[in-house]
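Some notes on the structure that comes next.
Throughout, read-outs are computed from the coordinates displayed, never taken from laboratory work. Remember, it's a predicted structure, so these values are computed and weren't measured experimentally. Note that we place each Cβ from the backbone using ideal geometry, even for glycine, and neighbour counts take in every protein chain shown.
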Amino acid sequence: MFAEELRSSVATVRLADIAKLAKVSEASVSRVLNGRPGVSPRMRQAVLTALEETGAVTGQVLRRSERLIGLVTPELTNTLVATMVQELERAIQRYGYVSVVCAREPGSLFTQEPVDVLVERGVAGIVFVSSWPEAARAWADALTGLHAQRLPYVLFNSFGEQGEAPFVAVDDQAAIRMAVKHLAALGHERIGLVVGRDSHLSFTRTVKGFISTLNEFRCLKAEEGTDFVYRALPTPEGGRAAVGGLVNIGCTAILCDGDLTALGAIQTLTERGLSVPEHISVMTLSDSRYLEFVRPPLTAVRQPVESMALAAVDLLLEDVTTNGPAQHPAFAMLPELIVRRSTAARCPTVDTRPGLLGRDDQGSDGGRGTACVDVWASKDSRASDRTSLGLTTRSRSSTN
């Protein structure tokens with residue numbers, strides 16, 4: 001009786017209907033329809049029999065889900081990722097589709113499970129979203145499987161090592177050049193970079209672009225470049241840990257690859273008596289909406305997230321509608337410099353000679369008459385030196 005009712009309205013046959021008739025799960029029906037393993041011969045035959053009884057074909061069964069697009073991300077606590085997901089959802093809705101977001105717990109490793117769930121639900125395509133461009137490495141197996149099934153997908157703010165996967169991302173080389181050029185124009189010559197772990201693909205690209213731009217603006221010699229790069233986790237704690245080393249080698253400006261890292265750096269500088277930007281400038285390569293409300297408002301390189309989202313959905317749906325690879329599989333978009341109040345002209349009273357910060361006034365300073373203060377001393381020991389905390393100023397009797 002149930003099969004006859006379905007036969008009379010075959011256009012509305014759903015995955016759940018076939019599962020009910022075959023007395024199996026929807027996931028089992030999806031596996032049979034997509035030719036995936038993990039289904040016993042008995043279950044497979046039950047599904048095929050149910051399809052035959054209803055007179056449905058594969059395309060009709062999956063019609064219930066063809067307006068769904070999956071969004072897979074390893075995090076939603078990151079403000080930039082949350083903004084990306086929001087803009088993608090808006091773009092998806094504009095085309096009459098519905099998004100399904102699969103997010104992992106913060107800090108957890110990517111697994112195949114969310115992708116399998118989306119495939120079993122018959123989504124039209126999947127967008128992989130991340131805050132770090134090299135995330136495609138973690139998704140490699142999943143992308144290979146989707147390619148084999150000809151299920152459309154797009155990487156958002158990420159790219160493969162060889163660039164073979166369709167992606168939409170910001171031009172990271174343009175971003176780093178934009179930031180260094182801004183700081184160099186303010187007179188900063190010793191610029192420090194706080195960037196993610198060197199196991200990431202983008203680390204090499206970012207550092208290479210950073211050193212190249214510093215050389216272009218004659219801020220340092222090529223062999224000095226890596227001395228001004230600090231590897232840190234993309235967290236406030238990472239920024240706090242990076243500050244000491246960069247200030248102690250004479251950096252008057254610090255460039256962070258994330259907003260949370262920059263906020264951690266500013267917090268530590270403030271605690272040690274240094275003022276941003278009067279003493280040290282700080283900026284980030286990742287803009288967020290709340291950065292204009294922190295103190296001081298952070299100068300940042302902004303990703304054109306709205307335009308990126310529209311391009312990603314266009315790219316995905318082109319693949320969906322043509323049932324083949326998109327003609328333009330990659331977009332690298334130019335960022336925008338947002339100048340706020342965390343960057344300023346280099347302070348001429350700060351001695352940027354390497355190795356001075358962190359010494360006490362009894363240390364070996366070559367007899368140059370320099371008043372050096374240990375900026376990492378305890379709070380109590382800093383109280384009496386409030387006027388010169390963190391600064392190495394040249395006295396008039398200084399002989400260089």
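Residues D116, D141, ranked from the fewest to the most other C-beta atoms within 10 Å, line up as D141, D116. Taking amide hydrogens as placed 1.01 Å from N in the peptide plane, the amide H of V194 sits under 5 Å from those of Y230, L255, C256, D257, each at least 5 positions away in sequence or on another chain.
FRET efficiency for the pair R44 and V339, taken as 1/(1 + (r/R0)^6) with r the Cβ-Cβ distance and R0 = 45 Å, rounds to 0.15. Between amide H atoms placed 1.01 Å from N, distances below 5 Å from F331 occur with F167, V168, A169, all of them 5 or more places distant or on a separate chain.
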